[in-house]
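Heads up, the thing below is written out as structure tokens.
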Amino acid sequence: MSDFAIVLTTTDTSESAQRIARALVERKLAACVNIVPLIESVYRWKGVVETAQELLLIIKTSTKRFADVEKAIREVHHYELPECVMVRIEQGSEEYLRWIADGV
């Protein structure tokens, strides 16, 4: 098992996605953030089923930085409860994982 992770979050505008991505990379909390446009989310919020067009952010970081990534997302994000889930990277190319380590 590696010490690296993908963190996922979503947001509703390109501007918000850019703001979150830049904040994470500039603070060296992420080596890279991919912004995937136009996903459709169906979720329950305050007892009501909602549907929304969103953007998905795929954040490459280390497991040790997760708490800081979560804190930064909460600071920069405008959602009342932003998604922030971590998925461990079990394996990856040594060179790429080293690149992530250098970026965070």
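The values are calculated or read from the model by the stated rules, or taken from the named source; none is laboratory data. Bear in mind that the values here come from a model prediction, so they are computed numbers and not experimental data. Note that we place each Cβ from the backbone using ideal geometry, even for glycine, and neighbour counts take in every protein chain shown. For the accessible areas, the whole protein counts, side chains as well, though only heavy atoms, and no ligand, DNA or RNA atoms are used. Shrake-Rupley method; radii C 1.70, N 1.55, O 1.52, S 1.80 Å.
Being touching a residue at least 24 places away in the same chain (Cβ under 8 Å) and farther than 21 Å from Gly92 by Cα is the filter here, so list the residues in region 39-68 that pass it.
Initial filter on region 39-68 (touching a residue at least 24 places away in the same chain (Cβ under 8 Å)): 39, 41, 52-66, 68.
Scanning region 39-68 gives Ile39, Ser41, Ala52, Gln53, Glu54, Leu55, Leu56, Asp68.
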Of all residues making up region 5-27, the number that are open to solvent by less than 90 Å² (accessible area, probe 1.4 Å) and part of a loop (DSSP other than H, G, I, E, B): 2
How many residues does region 28-54 contain that are out of contact with any Gly (no Cβ under 8 Å at 6 or more places or on another chain), loosely packed, with under 15 Cβ neighbours inside 10 Å and in a loop (DSSP other than H, G, I, E, B)? 2
Identify the single condition in (1) more than 13 Å from the chain's Cα centre (by Cα); (2) under 13 Å from Ala23 (Cβ atoms); (3) not charged (D, E, K, R) that Ala72 does not satisfy, given that it satisfies every other one. (1)
Looking only at region 57-69, filter to residues that are more than 9 Å from the chain's Cα centre (by Cα) and in a helix (DSSP H, G or I); which one of those is surrounded by the fewest Cβ atoms within 10 Å (Cβ to Cβ)? Ala67
